[in-house]
Each structure stands twice: as C-alpha cells, then as structure tokens.
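As structure tokens, the structure follows; a few thoughts come after it.
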Amino acid sequence: MANTDRDAAAQARAAAKAGDWTQPRAMAIPKEGYFELEKGRYGPLFPKTPANYGFTIIAKIKPGREETIRGYAKTIETAIAGAPDALAVLKLHYLRWVLFDLEGNTYFMYQGIFDTDFDKYTEDAVMLFTSLGINTVFENLDGFPEDWKTNSAAFIKFVRDHQRPSFLEYGEYPFVSAEEIKKALEIKQSFSEILDKMQ
C-alpha cells in the first residue's frame, strides 16, 4: 500500500476514534474494500468510513421473483409502522433496495449503512429473522442457502461473496452513530419546547 493510502487510512481511523463530526469528510477506498488486510470472523474487516459501516449486495434474482421482492418491501414497511424498533438490533441508518435489469436478468441491490461492523450486522440479521420466525428477502436470490436459519456461516458467505465494496464514501456529519443523531434531535426538540414555553 502506498504511503498516501496509509496516511489517509490512519487519518480516517483517528477521526473516527475522536468522533470528529464537525467537518465533512470523504474517503477514497482501495478496490479491495480496505486499506490494510485485517481478518475478522468471516473474512476481511472493512473500515468504518465517514458514512459509518455498510455494504452493497448485488445478486441475480430467481426467475419470476420480482413481484415477491417488491411485495417484501411492503411487508417491511408494515412491520416498521406497527413496531418502529423492529430492526433496532441492526443499528441501521438507512436501507436502499433496487431492482435492475442487466443482459436479460434482473438483479437485486441491497445497500445498507449501519453502526456495527459487517460481520456483526449479518449475524444480527440472521438472529433477528430467526427469532421472529420470518424469512429474508434474500431467499429470492440465486444461490442463497436454503438452510440459512441454521447455518449463519452460509448466510454470511453469501453476503460476502455478493458484496461490492464502494471506492468513495462521504459524510456531511462523519462518524456519527444513529443513536447520537437521535439524541441530538431529542435535545433540539426539548430545547424548542422550552423556548416555546418562555414566549
């Protein structure tokens, strides 16, 4: 790795540890998805970026499953409306699901930004869906293991095999967790209520 890459990686890690959210930051990431190879439980550890942790999974869907996948989005919407903390264990900031066609096949893209590392997020997802007795949208993807509920290693391997690392990530308020954002908004709301009472 070039010295400039090492310097950038070191600066990013220092900013993340310091919790410096005051200046927007961008991070160019090597094509491998990491600056230095550090092994996690299931493969390389991907760095925390200004956008926090995350991944992009791209996989071909099973033929005829497009409407099932679209319907699953409605299932998630309904579940969150009924229990807003249903996915809380995942420490999510955002999810984005996209279907797109390429050379006569339909692909699913799952993008998530979250506060835990890659492996923990995936382990937590398996635990969450298993404990709730519900299925995952990934069951509609080619090659997804049928025994994923009892074989979390196979689930994680599928996710890692279909992960496409980003090469640039940007954060307007970098390295801030979802919980910190919520707390700041609660303080803002409380402060606004106090000001309203003073008028």
**Request:** Among the residues of region 12-30, write down those that are modelled with pLDDT of 90 or more and not in a strand (DSSP E or B).
**Result:** Pro24, Ile29, Pro30
**Complete:** Selection from region 31-71 of residues free of Cβ contacts under 8 Å to residues at least 60 places away in the same chain and not in a loop (DSSP other than H, G, I, E, B) yields Lys39, Pro44, Glu66, Glu67, Arg70, Gly71
**Message:** Looking at the structure I just gave you, is Glu66 more than 15 Å from the chain's Cα centre (by Cα), acidic (Asp, Glu), surrounded by 13 or more Cβ atoms within 10 Å (Cβ to Cβ) and closer than 19 Å to Asn140 by Cα?
**Reply:** yes
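Conditions (1) loosely packed, with under 11 Cβ neighbours inside 10 Å; (2) hydroxyl-bearing (Ser, Thr, Tyr); (3) over 30 Å from Met27 (Cα atoms); (4) in contact (Cβ under 8 Å) with a residue 24 or more places away in the chain, marked per residue:
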| site | (1), (2), (3), (4) |
| --- | --- |
| Asn140 | no, no, yes, yes |
| Asn151 | no, no, yes, no |
| Ala154 | no, no, yes, no |
| Gln163 | no, no, no, yes |
| Ser166 | no, yes, no, yes |
| Phe175 | no, no, no, yes |
| Ala178 | no, no, no, yes |
| Phe191 | yes, no, yes, no |
**Message:** Asp101 - would you say it is more than 20 Å from Glu146 (Cα to Cα) and assigned to a loop (DSSP other than H, G, I, E, B)?
**Reply:** no
**Message:** Against the condition in contact (Cβ under 8 Å) with a residue 60 or more places away in the chain, touching a Ser or Thr at 6+ places or on another chain (Cβ under 7 Å), surrounded by 15 or more Cβ atoms within 10 Å (Cβ to Cβ) and not aromatic (Phe, Trp, Tyr), how does Lys91 come out, does it pass?
**Reply:** yes
**Asked** Which of the following residues is modelled with pLDDT of 90 or more and in a helix (DSSP H, G or I): Lys157, Lys182, Lys188?
**Response** Lys157
**Fill in**
Per the filter on region 78-88, residues hydrophobic (A, V, I, L, M, F, W, C), assigned to a loop (DSSP other than H, G, I, E, B) and loosely packed, with under 14 Cβ neighbours inside 10 Å are Ala83
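Is it the case that Gly143 is within 19 Å of Tyr107 (Cα to Cα) and either at pLDDT 85 or above or small (Gly, Ala, Ser) (or both)? Before you say what the answer is, go through the steps one by one.
On the way: within 19 Å of Tyr107 (Cα to Cα): yes; either at pLDDT 85 or above or small (Gly, Ala, Ser) (or both): yes.
Taking the combined requirement at face value, the residue satisfies it.
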**Asked** Within region 128-137, how many residues turn out to be surrounded by 16 or more Cβ atoms within 10 Å (Cβ to Cβ) and outside any helix (DSSP H, G or I)?
**Response** 1
**Prompt:** Only one residue in Thr75, Thr49, Thr68 is among the hydroxyl-bearing types (Ser, Thr, Tyr) and under 22 Å from Glu172 (Cβ atoms). Which one?
**Reply:** Thr49
**Complete:** Going through region 160-171 in order, the residues found to be among the basic types (Lys, Arg) and in a loop (DSSP other than H, G, I, E, B) are Arg164
**Item:** Single unsatisfied condition, Thr75 versus (1) loosely packed, with under 13 Cβ neighbours inside 10 Å; (2) at pLDDT 90 or above; (3) under 20 Å from Glu139 (Cα atoms)
**Value:** (2)
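Hey, among the residues in region 94-116 that are free of Cβ contacts under 8 Å to residues at least 24 places away in the same chain and of a type in the set (D, E, K, R), which one's surrounded by the fewest Cβ atoms within 10 Å (Cβ to Cβ)?
This residue is Glu103.
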**Request:** For region 104-127, name all the residues that are part of a helix (DSSP H, G or I) and within 15 Å of the chain's Cα centre (by Cα).
**Result:** Phe118, Asp119, Lys120, Tyr121, Thr122, Glu123, Asp124, Ala125, Val126
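The values are calculated or read from the model by the stated rules, or taken from the named source; none is laboratory data. Since we're looking at a predicted model, the values are computed, not measured. Note that each Cβ is placed from the backbone with ideal geometry, even for glycine, and that neighbours are counted across all protein chains shown.
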